[in-house]
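**Student:** To start, I am sharing the structure in question, which I have written as structure tokens.
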Amino acid sequence: MPKDNGIGASPKRREDVRFLTGAGNYTDDINVNGQAYVHFLRADVAHATINSIDTSAAETMPGVVKIFTGADFAEVGGIPCGWGVTDRHGNPQQEPRHPIIAHDTIRHVGEIVAAVVADTLEQARDAAEAIDLDLSDKPAVVDMTKALADGSPKVHEDLSSNLCYDWVFGNPDDDAVQAAFDSAAHVTTLELVNNRLVANPMEPRVAIGDYSRGTDEYTLHTTSQNPHVIRLLMCAFVLGLPEHKVRVIAPDVGGGFGSKIFHYAEEAFCTFAAKACGRAVKWTSTRAEAFISDAHGRDHVTKIELALDADNNFTALRTNTMANMGAYLSTFSTSVPSYLHGTLMAGNYKTPIVQVNVKTVFTNTVPVDAYRGAGRPEATYQLERVIDKAARELDADPIALRRQNFITEFPYETPVALTYDTGDYVATMDKLEQVADLAGFAARRAESEKNGKLRGFGVNCYIEACGIAPSNIVGMLGARAGLYDAATVRVNATGTISVFVGAHSHGQGHETSFPQVVADMIGIDEGMVDIVHGDTGRVPFGMGTYGSRSIAVCGSAMVRATEKIIAKAKKIAAHLMEASDADIELKDGQFTVAGTDKSVAWGDVCLTAYVPHNYPLEELEPGLEETAFYDPANFTYPAGAYACEVEVDPDTGKVTIERFSAADDFGNIINPMIVDGQVHGGLGQGIGQALLENAAYDEDGQLLSASYMDYAMPRADDVPFYQVDHSCQTPCTHNPLGVKGCGEAGAIGSPPAVVNAVIDALQSGGKNVTHIDMPLSPPRVWAAMNG
Amino acid sequence: MYEFEFVKPATVAEAVAALAEEDAQALGGGQTLIPTLKQRLAMPSKLVSLTGIPQLKEIGDNDGVLTIGGAVTHAAVAEAAADSYPALADLASHIGDPAVRNRGTIGGSLANNDPAACYPAAALGSGATIVTNRREITADEYFRGLFETALEEGEIITAVRFPVPEKANYQKFLQPASRFALVGVFVAKYAAGVRVAVTGASEEGVFRWREAEAALDASFAPDALDGHSVDAAGMIGDLHGTREYRAHLVKVMAKRAVAAA
Amino acid sequence: MAKVSMTVNGKAASGEVEGRTLLSSFLRDTLRLTGTHVGCDTSQCGACVVHVDGKAVKSCTMLALEAEGAEVATIEGQANADGSLNVIQQAFQDHHGLQCGFCTPGMVMSAAALLKDNPKPSEQEVRDYLEGNLCRCTGYHNIVKAIMAASGQDVSSIAAE
């Protein structure tokens, strides 16, 4: 029976009411008295020397408050990179300065060249057109192979080359790895592109900086997934402000998908300019700006080789990847192709030898950073494509080949540094075959063929590492931050509870699911519990929401804080009932003395904590508020198996997704409805990557798909209803809720299934097509069929 | 957007007078013009709305000719032509999305002549007559290449007259991002002959595929197009499809249109 | 500047606007009805959909002065008279048809326009009608399901909520 409250129930989302009635409070809905508006003059060339910027005419235009150029930020720090990767020779990554406003050089289309603050936005735009820029164009570097070639123009003249780092992971012994390939019965090789994407949350970014002269305090309203991280980076590395004088508020945020993790120039600018202008400064991104200023995602080019023995056991895996960093290092950019990618290359399989080689490359393009899945989709895509290709080459069943190589014993130490604590890949594959109705596929294919269409079935597995931690390990790997989280549980005198959490909810439904946990632990109505998030002025601390970490890390902190509350409340109850606190039991919001009928209600204990007339003041402080910081012992490892069924129109190459099925193991689940929704959303984005989305540059560094006219977003008629199952549950062994996280699985696990299905369809039509790079757009599929 | 004056006249004469001002521009439903203005790609001094002129919203059906006022929305055409000219109604009901169809107008679309728009294919494929405040222009005379038409300064489309064919159909293959036509083919069979108009594909904008017309005059069947093809050389090649792919699609869509007509 | 007057959610509303003021700006900035969102500049995302004289339009692609004298309905006016969610809003909540909420006002307004014309749409009709409404969170599954449920159709056989 589904539960109707507490952990495992699916109460309707409480946040929905405000969103459904137009009462949400997104950043652009906020206006500060007397605010001015900034328009950023952005580079329209990819690479140029700035000879001079003449703002004199613009400064006299109506409404202009102040115009800023790179010179105004000469004394201000650059935007920091939050992860330092050490290369194969023990050297640090090359790390260029990342200015708020371009100083002497423009390095990508969209980079800020000047900022005009005016009374109205249109006045700011008018004045920006009057700025006289004297530029000398330089050759743009766009293609990664060319960028690494000798003699290539450099994106950063002060660096030795366009190579950020050359990294090896897993088995670093080239000879040993080569020996494994030399002795293999079969080697499958595949070269592929993980296409560059733009995250495109529906809410464009917004920043409003405000400064109070009276208190010397700053307030930044911003569209962020992690306001505390923004405050830390902006204060400590960019503006040099005392953190306690800066409040960062991320109110309702309209989706992030990674792109709102990072600290952006516009946030620092608005904060800085508010003081410089003596009034609040507001920036609202247009969608056109978003395409050339939000960090992009993916953009890997990979050669992967899989060695198998005569019995089709995987014996070795070797990858060579180039990953695009863009022109500058965004906040977590360097961690994505390294530790968030290399550590996942073992996948769900017991391949004994794995070697991962990654070169990260600077180009004259928008910075690239984490996008839903971040490194793990890139790992999954390569691995699950090469396995499918191997199965075809060996005439093996792709599901049987996977099953044969599954890791089946846990804990399992991979050759790429992770220890999977638990999982059951056989169970999720069994479930998938059932959910996807594999048995009925042959009949469906026959039906499609009758209609002149090719039908294909593609499957893949995935594993992801979520809730990245523990801090001491990730610190050794180069993280320049801790990856714990925090929660404060504040019980009011009347028994209602505010939980201040460091995770940020921008679609994940925390306002509903987090109270389910606290209410369940105490045994009170969920309506008595609210969470507070997204405001450094209210929430003590937190690292924010990304990497599917919210419930696994912040939720664990919340559990620990709630446990402290319960422990203290039991002492108060024990005092009230003149019993030992060891004998106090809490159930359904009632404290009872074990073995007696003596009880006291939750509300009475809470009131006593704040009105301590009958209270052990010599042993206990009054009040009922506890904080916990939680640093996980390990990652969590959601895993599963996905299947896609497509139809291909042989006349046009158009691919239609007919069915998509997912069998996930997320461990324990707090709110099944929300979990399903997270998977659906990930699938939509994964299908988008596989069939539609492509951030394409021309060789001059102009983004060709720079609006929704050319960047194909998945629409309702591009996707089917999804079959989603998460009944396979192996609870996480090291966090108190046994949860693993579910936010990215859909995006990680779906692209290879789609591509595998299309290849299967084409092969069924007698076409010897073994690979097509994403997106599998009609012209690409048609060209492959007729190639 | 740059600043501009907005006027909304009630008659064609007032609109024409307002458009006499230098840099004045007519505004239909604005579904293309307003996004263009937002990007500051146009700088009109005055916008003259044509949506408040009752004459431009009239629809008439006489003697096998469907006459649609220049300011009639796509949604209204979809409704009004459903019985009299179903192929045209179907085309109108698939332009943009429902909200766009409630504002966008036939006159605005034809005046803009986007190379990937649907209405140019219908007008050219039907041998329609573009009626302006000054004259009547045949569709064959009207379209002059990408975003170019026979319209002169201050000339506005008051109506479009579509001769209703014996049968017709429009097949559109979507550009996946914009959802404009990557290739759209309008086929119409008249007593006087078959017309085939292609949008989305050519660097010259909407065009008649005369070779296909001749083949279909001989036999109005999909197979009649076997052995015929358009030359890839003049096709658009871009992010969304090569020249060869577009040339291929022209034939596929043409055959499908014939089959569905 | 010119004066514009219209009826918004049943109440008279007026204000001073420029020729270039968009209906979306008038609603958001002048009337402070910030439930109507702006998510793109090319008239594709549909977060700004409102009804003008009963028809769904993209308020970011319509000048405020074009709505002179019109009846405008926005998300703020959709709830029942007692403040409870209307049938469509309730279906979105019941079926988890929203996540971040940013596209939601446009989705609800488009859904209302669809159901007015087509009270029992098929799955394909719902998907086709949403061509001009982008959502990045839900993969559309629960939006389509919610709209079908709001039309009174049994959606219990559709896979997981």
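The values are calculated or read from the model by the stated rules, or taken from the named source; none is laboratory data. None of these values were measured; they are calculated from a predicted model. For neighbour counting, all protein chains shown are included, and Cβ atoms are generated from backbone atoms with ideal geometry for every residue, glycine included.
**Student:** Among the residues of the range C:119-161 satisfying the criterion of being touching a strand residue (DSSP E or B) at 6+ places or on another chain (Cβ under 8 Å) and crowded, with 24+ Cβ neighbours inside 10 Å, which is nearest to C:Cys100 (Cα to Cα)?
**Tutor:** So the first thing to find is which residues in the range C:119-161 are touching a strand residue (DSSP E or B) at 6+ places or on another chain (Cβ under 8 Å), and the list is C:132-133, C:139, C:141, C:159-160.
Subsequent filtering for residues that are crowded, with 24+ Cβ neighbours inside 10 Å retains C:133, C:139, C:141.
Numbers: C:Asn133: 15, C:Gly139: 12, C:His141: 15 Å.
Among those that are touching a strand residue (DSSP E or B) at 6+ places or on another chain (Cβ under 8 Å) and crowded, with 24+ Cβ neighbours inside 10 Å, it is C:Gly139.
**Student:** Right, something else. Kindly provide the set of residues from the range B:214-242 that are away from chain A (no Cβ under 14 Å) and either among the hydroxyl-bearing types (Ser, Thr, Tyr) or surrounded by fewer than 19 Cβ atoms within 10 Å (Cβ to Cβ) (or both), ordered by number. Talk me through it step by step, then tell me what you get.
**Tutor:** Filtering the range B:214-242 down to residues away from chain A (no Cβ under 14 Å) leaves B:214-221, B:223-224, B:227-228, B:230-231, B:233-234.
Passing the criteria: B:Ala214, B:Asp217, B:Ala218, B:Ser219, B:Phe220, B:Ala221, B:Asp223, B:Gly227, B:His228, B:Asp231, B:Ala233, B:Gly234.
**Student:** Which of the residues that make up the range A:354-398 are acidic (Asp, Glu) and surrounded by fewer than 24 Cβ atoms within 10 Å (Cβ to Cβ)? Write out each step before concluding.
**Tutor:** We begin by selecting, within the range A:354-398, every residue acidic (Asp, Glu); these are A:369, A:378, A:384, A:388, A:393, A:395, A:397.
Hits for the range A:354-398 are A:Glu393, A:Asp395, A:Asp397.
**Student:** I'm trying to understand the selection: among the residues of the range A:499-517, which are of a type in the set (Ser, Thr, Tyr) and either within 11 Å of A:Ala487 (Cβ to Cβ) or assigned to a helix (DSSP H, G or I) (or both)?
**Tutor:** Going through the range A:499-517, the residues of a type in the set (Ser, Thr, Tyr) turn out to be A:505, A:512-513.
A:Thr512, A:Ser513 - these are the residues of the range A:499-517 that are of a type in the set (Ser, Thr, Tyr) and either within 11 Å of A:Ala487 (Cβ to Cβ) or assigned to a helix (DSSP H, G or I) (or both).
**Student:** Turning to a different aspect of this structure: At pLDDT 95 or above and either in the same structural domain as B:Val183 (by TED's automatic domain parsing) or touching a Lys or Arg at 6+ places or on another chain (Cβ under 7 Å) (or both), is that true of B:Ala71?
**Tutor:** Values: at pLDDT 95 or above: yes; either in the same structural domain as B:Val183 (by TED's automatic domain parsing) or touching a Lys or Arg at 6+ places or on another chain (Cβ under 7 Å) (or both): yes.
Taking the combined requirement at face value, the residue satisfies it.
**Student:** Given (1) away from chain A (no Cβ under 12 Å); (2) in contact (Cβ under 8 Å) with a residue 12 or more places away in the chain; (3) at negative phi, where does C:Asp53 come up short, assuming only one miss?
**Tutor:** (3)
**Student:** If you go through the range C:27-48 one residue at a time, how many are more than 7 Å from every other protein chain (Cβ to nearest Cβ), of a type in the set (Asp, Glu) and assigned to a loop (DSSP other than H, G, I, E, B)?
**Tutor:** 0
**Student:** Can I ask one more? If you take the residues of the range B:2-20 that are of a type in the set (Val, Ile, Thr) and not in a helix (DSSP H, G or I), which of them is farthest from the other protein chains (Cβ to nearest Cβ)? If you could, list the steps in order and put the result at the bottom.
**Tutor:** Taking the range B:2-20 first, the residues of a type in the set (Val, Ile, Thr) are B:7, B:11-12, B:16.
Restricting the remaining residues to those that are not in a helix (DSSP H, G or I) gives B:7, B:11.
Working: B:Val7: 9, B:Thr11: 17 Å.
Here the residue is B:Thr11.
**Student:** Taking the conditions exactly as written (assigned to a loop (DSSP other than H, G, I, E, B), farther than 19 Å from C:Gly54 by Cβ and in the same structural domain as B:Glu136 (by TED's automatic domain parsing)), does B:Asp90 satisfy them or not? It would help to see each step written out before you state the result.
**Tutor:** Working: assigned to a loop (DSSP other than H, G, I, E, B): no; farther than 19 Å from C:Gly54 by Cβ: yes; in the same structural domain as B:Glu136 (by TED's automatic domain parsing): yes.
The answer is no for B:Asp90.
**Student:** Of the residues in the range A:600-626, how many are touching a residue at least 12 places away in the same chain (Cβ under 8 Å) and either part of a loop (DSSP other than H, G, I, E, B) or surrounded by 19 or more Cβ atoms within 10 Å (Cβ to Cβ) (or both)?
**Tutor:** Restricting attention to the range A:600-626, the residues satisfying the condition of being touching a residue at least 12 places away in the same chain (Cβ under 8 Å) are A:600-611, A:614-616, A:619-620, A:622-626.
In the following step, the residues that additionally are either part of a loop (DSSP other than H, G, I, E, B) or surrounded by 19 or more Cβ atoms within 10 Å (Cβ to Cβ) (or both) were identified as A:600, A:602, A:605-606, A:608-609, A:611, A:614-616, A:619-620, A:622-624, A:626.
Within the range A:600-626, residues that are touching a residue at least 12 places away in the same chain (Cβ under 8 Å) and either part of a loop (DSSP other than H, G, I, E, B) or surrounded by 19 or more Cβ atoms within 10 Å (Cβ to Cβ) (or both) number 16.
**Student:** Residues of the range B:223-261 being small (Gly, Ala, Ser), modelled with pLDDT of 95 or more and under 21 Å from the mean Cα position of the chain (by Cα), which ones?
**Tutor:** B:Ala247, B:Ala254, B:Ala257, B:Ala260, B:Ala261 - these are the residues of the range B:223-261 that are small (Gly, Ala, Ser), modelled with pLDDT of 95 or more and under 21 Å from the mean Cα position of the chain (by Cα).
**Student:** Same structure, new question: Identify, please: which residue in the range C:63-85 is at the interface with another protein chain (Cβ under 9 Å from one of its Cβ atoms) and under 15 Å from the mean Cα position of the chain (by Cα) and is, among those, farthest from C:Ala12 (Cα to Cα)?
**Tutor:** The qualifying residue farthest from C:Ala12 (Cα to Cα) is C:Leu85.
**Student:** It is to be established whether one or more residues within the range B:58-67 are within 13 Å of chain C (Cβ to nearest Cβ), under 19 Å from B:Ile157 (Cα atoms) and out of contact with any Lys or Arg (no Cβ under 6 Å at 6 or more places or on another chain). Before the answer, list the steps.
**Tutor:** Here is the first cut: in the range B:58-67, the residues within 13 Å of chain C (Cβ to nearest Cβ) are none.
No, the range B:58-67 has no match at all.
**Student:** Looking for whichever is in contact (Cβ under 8 Å) with a residue 12 or more places away in the chain, in contact with a Phe, Trp or Tyr (Cβ under 6 Å, 6 or more places away or on another chain), crowded, with 21+ Cβ neighbours inside 10 Å and not aromatic (Phe, Trp, Tyr) here; the options are A:Ile101, A:Ile67. Which one fits?
**Tutor:** A:Ile101
**Student:** Let me ask something additional. Quick check on my filter: what residues within the range B:88-110 are more than 21 Å from C:Asn133 (Cα to Cα) and either among the polar types (S, T, N, Q) or surrounded by 24 or more Cβ atoms within 10 Å (Cβ to Cβ) (or both)?
**Tutor:** B:Leu88, B:Ile106, B:Gly107, B:Gly108, B:Ser109, B:Leu110
**Student:** Continuing with this model, one more query. Just wondering, is there one or more residues in the range C:97-116 that are out of contact with any Phe, Trp or Tyr (no Cβ under 9 Å at 6 or more places or on another chain) and more than 13 Å from chain A (Cβ to nearest Cβ)?
**Tutor:** yes
Residue by residue, here is whether (1) under 27 Å from A:Arg97 (Cα atoms); (2) within 14 Å of chain C (Cβ to nearest Cβ) holds:
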| site | (1), (2) |
| --- | --- |
| A:Asp16 | no, yes |
| A:Ala23 | no, yes |
| A:Asp29 | no, yes |
| A:Arg42 | yes, no |
| A:Ala48 | yes, no |
| A:Ala57 | no, no |
| A:Glu75 | yes, no |
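**Student:** Any idea which residue in the range A:527-558 is nearest to the chain's Cα centre (by Cα), counting only those that are surrounded by fewer than 19 Cβ atoms within 10 Å (Cβ to Cβ) and either within 17 Å of A:Gln516 (Cβ to Cβ) or among the β-branched types (Val, Ile, Thr) (or both)?
**Tutor:** That would be A:Val532.
**Student:** Quick check on the range B:41-58. Is at least one of its residues of a type outside the set (S, T, N, Q), at pLDDT 95 or above, closer than 30 Å to B:Glu211 by Cα and part of a strand (DSSP E or B)?
**Tutor:** Checked the range B:41-58: no residue is of a type outside the set (S, T, N, Q), at pLDDT 95 or above, closer than 30 Å to B:Glu211 by Cα and part of a strand (DSSP E or B).
**Student:** I would also like to ask the following. Among the residues of the range A:770-783, is any away from chain B (no Cβ under 14 Å), in contact (Cβ under 8 Å) with a residue 40 or more places away in the chain and not in a loop (DSSP other than H, G, I, E, B)?
**Tutor:** no
**Student:** I'd like to check something: does the range B:94-115 contain any residue that is closer than 16 Å to B:Ala188 by Cβ, assigned to a helix (DSSP H, G or I) and in contact (Cβ under 8 Å) with a residue 12 or more places away in the chain?
**Tutor:** The first filter runs over the range B:94-115 and keeps only residues closer than 16 Å to B:Ala188 by Cβ, leaving none.
No, that holds for no residue.
**Student:** I need the full set of residues from the range B:60-87 which are within 17 Å of the chain's Cα centre (by Cα), in a strand (DSSP E or B) and free of Cβ contacts under 8 Å to residues at least 40 places away in the same chain, in order please.
**Tutor:** Listed by number, the list is empty, since nothing qualifies.
**Student:** For the range A:80-94, does any single residue satisfy the condition of being in a loop (DSSP other than H, G, I, E, B) and farther than 30 Å from A:Tyr339 by Cβ? Walk me through how you get there before you give the answer.
**Tutor:** First, pick out the residues of the range A:80-94 that are in a loop (DSSP other than H, G, I, E, B): A:80-82, A:84-85, A:87-91, A:93-94.
Going one step further and asking which of them are farther than 30 Å from A:Tyr339 by Cβ, we end up with none.
The answer is no; no qualifying residue exists.
**Student:** Here is a list: C:His51, C:His96. Which entry is part of a strand (DSSP E or B) and at pLDDT 95 or above? Don't jump to the end; show me each part of the working.
**Tutor:** Numbers: C:His96 fails: part of a strand (DSSP E or B).
Just a single option satisfies the conditions, and that option is C:His51.
**Student:** Determine if the range A:82-99 includes at least one residue that is of a type in the set (Ser, Thr, Tyr) and within 18 Å of A:Phe362 (Cα to Cα). Explain how you work it out, then say what you get.
**Tutor:** Here is the first cut: in the range A:82-99, the ones of a type in the set (Ser, Thr, Tyr) are A:86.
Next cut, within 18 Å of A:Phe362 (Cα to Cα) only: A:86.
Checked the range A:82-99: at least one residue is of a type in the set (Ser, Thr, Tyr) and within 18 Å of A:Phe362 (Cα to Cα).
**Student:** Among the residues that make up the range C:70-80, is at least one of them assigned to a helix (DSSP H, G or I) and among the hydrophobic types (A, V, I, L, M, F, W, C)? Before you say what the answer is, go through the steps one by one.
**Tutor:** At the first step, the residues of the range C:70-80 found to be assigned to a helix (DSSP H, G or I) are C:75-77.
Okay, now just the ones that are also among the hydrophobic types (A, V, I, L, M, F, W, C), so C:75.
Yes: one or more hits.
**Student:** Of everything in the range A:164-209, what is in contact with a Phe, Trp or Tyr (Cβ under 7 Å, 6 or more places away or on another chain) and farther than 30 Å from A:Ser707 by Cβ? Give them in sequence order.
**Tutor:** A:Val187 - this is the single residue of the range A:164-209 that is in contact with a Phe, Trp or Tyr (Cβ under 7 Å, 6 or more places away or on another chain) and farther than 30 Å from A:Ser707 by Cβ.
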